[in-house]
Amino acid sequence: MLPFRNGRSGKWGLAVGLLSILLAIEPAIAAKPKGKKGKILSATPSASAGQQSLTNIPLPIGHEAKGLVLPDFDLEGHLRGKFEAESAKRLDEYHIGFRALKITTYTSENRPDLTLELSESVLNLNTRILSSNERTTIKRADFNIAGDSVEFDTNTHTGKLVGNVKMVITSQSQLLGNQNE
């Protein structure tokens, strides 16, 4: 599973990037506690105007957000993943805890690729590695794999499952190739 690129035009990349920034800022405004002064983290453009990063999630330390949906865009503004969590809580400046998290990664053609389902997990914002010590399932069109714990790199879309790993291959034709040749 390698990082991917998309041939989308610059206009679309800019539009998607601006939309992602607006979507990221809106939850921060809604999440601000009434009557309290708190530090609100906001999404800010970094090196590229179209970049949306999981490192700038607009969630104050100690605050829990329910029904959180976070897009993840690459440097060119292409959607590479989507995080959907029942709840998320910023544990400290560099860690966010998720409950009932579903991650969908996308191919360069903007089609769903992998789906990860984690009951409890923590994202390290510095390394962008998501880890869980709970049973985790990863699905793709041609296989399902599950393990007792996982480390998933959200940059490279690669990971490591450990403990009682079970894999079911649902489509052998891609693995075997055409045997008549």
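The values are calculated or read from the model by the stated rules, or taken from the named source; none is laboratory data. Since the structure is predicted, the reported quantities are computational estimates derived from the model, not experimental observations. Cβ sites come from the backbone with ideal geometry, for glycine too, and all protein chains shown count toward neighbours. Calculation scope for accessible area: heavy atoms of the full protein, side chains included, ligands and nucleic acids excluded. Shrake-Rupley method; radii C 1.70, N 1.55, O 1.52, S 1.80 Å.
Please state the shape class of region 68-181: rounded when a/c is under 1.5, otherwise prolate if a/b exceeds b/c and oblate if not, all from the C-alpha gyration tensor.
Taking the square roots of the gyration eigenvalues as a ≥ b ≥ c, region 68-181 is oblate.
By its C-alpha gyration tensor, with a ≥ b ≥ c as the square roots of the eigenvalues, how is region 107-164 shaped: rounded for a/c under 1.5, else prolate for a/b larger than b/c, else oblate? Since a/c reaches 1.5 but b/c is at least a/b, the shape of region 107-164 is classed as oblate. Spin-label pair GLU64-LEU91: with each label point 7 Å from Cα along the Cα-Cβ axis, the two points sit 1.5 nm from one another. The distance between label points at ASN155 and GLU120 comes to 2.8 nm (points 7 Å beyond Cα on the Cα→Cβ vector). Looking at region 85-175, the accessible area is 52 square angstrom per residue; that uses a 1.4 Å probe and ignores ligands, DNA and RNA. The peptide list 104-110, 133-139, 162-168, put in order of mean Cβ contacts within 10 Å with the highest first, becomes 133-139, 104-110, 162-168.
Counting only protein chain heavy atoms and rolling a 1.4 Å probe, the accessible areas of ILE96, ILE61, ILE129 rank, largest first, as ILE61, ILE129, ILE96. For a paramagnetic label modelled on ASN56 (point 7 Å from Cα along Cα→Cβ), amide N atoms under 17 Å away belong, within region 113-147, to 125-128.
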